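Participant: Let me begin by handing over the structure; questions about it come next.
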Amino acid sequence: MLTRSRPVTLLGGGVVGPGDLDLALSRAPTLIAADGGAGVALSAGYLPEAVIGDMDSLAPADRARLDGRLFPIEEQESTDFDKALRSVAAPLVIAVGFAGARIDHELAAYHTLVTRPDKACIMLGAVDVVFHMPPQLTLALPAGTRFSLFPLAELQGSATGLRWPIDDLLFHPARRIGTSNQTVDPNVTLRFEMPGMLGILPRAHLDAVISALTARV
């Protein structure tokens, strides 16, 4: 377990758009890479504090430059994102380079968000940010903000401040989802009975999500 007192940027080997890494590091200044994300960091001129994963995507030249910073986990039952996220203890993780490339990798990353509900983690994408909903969360958002909920388990919840109520709905990934809702009040409060719900907001509201998640720590 790598324990850090400051928020962590976790960098993967997928799509990293212009400005993504700098944006994440401005909010989460400690850089840790998941396997091939180390090569992305080095190419951008950054030296990660640690690299976690099975190391099958790390070039030999990069491996040599990162001597002493490698934390290999060789089992193949989990993804490098899961290996890294479960191995880092920090008040917040902003994950970059895990969305927008291979769909199977992106879906696996969402699965990890749900299976690690103890981790405050935000996946930064080109358009949206995605995060796992804790048992209760209050966010400050402008009225009219798109607020999507996508369940990866069967669960129920309640909310105030959304245009379309979710109280008494039984969410299920194959039967009932909650995409394209909207905020109607400046503060939105959501409660869920169990882990399994992803929150999806426009990328412009990254700071609001950071504030809400870190206020719970």
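The values are calculated or read from the model by the stated rules, or taken from the named source; none is laboratory data. Source: prediction; values computed, not measured. All Cβ positions, glycine included, derive from the backbone under ideal geometry; neighbour counts span all protein chains shown. Just so you know, the surface numbers come from the protein's heavy atoms only, side chains and all, with ligands and any DNA or RNA stripped out. Shrake-Rupley method; radii C 1.70, N 1.55, O 1.52, S 1.80 Å.
Participant: Per residue, how much accessible surface does region 1-125 expose to a 1.4 Å probe? Answer in Å², no decimals.
Facilitator: Per residue, region 1-125 has an accessible area of 45 Å².
Participant: A further question on this structure: Any chance you could list P(r) for region 22-96, counting all Cα-Cα pairs in 10 angstrom bins from zero, rounded to whole %?
Facilitator: 20, 55, 24, 1
Participant: Under 1.5 on a/c is rounded, so check that first for region 107-217, then, if it is not, pick prolate when a/b is larger than b/c and oblate when it is not; a ≥ b ≥ c are the square roots of the alpha carbon gyration tensor eigenvalues.
Facilitator: rounded
Participant: When the accessible area of the chain is computed with all protein chains present and a 1.4 Å probe, what percentage of it is carbon and sulfur?
Facilitator: 53
Participant: How many Å² of accessible area per residue for region 158-217, probe 1.4 Å?
Facilitator: 53
Participant: Now for a separate question. If you line up the Cα atoms of the chain on their principal axes, what length do they span on each, largest first, in Å?
Facilitator: 55, 33, 29
Participant: Counting Lys and Arg as +1 and Asp and Glu as -1, what is the net charge of the other residues whose Cβ lies under 9 Å from the Cβ of residue 183?
Facilitator: Surrounding charge for residue 183 is +1.
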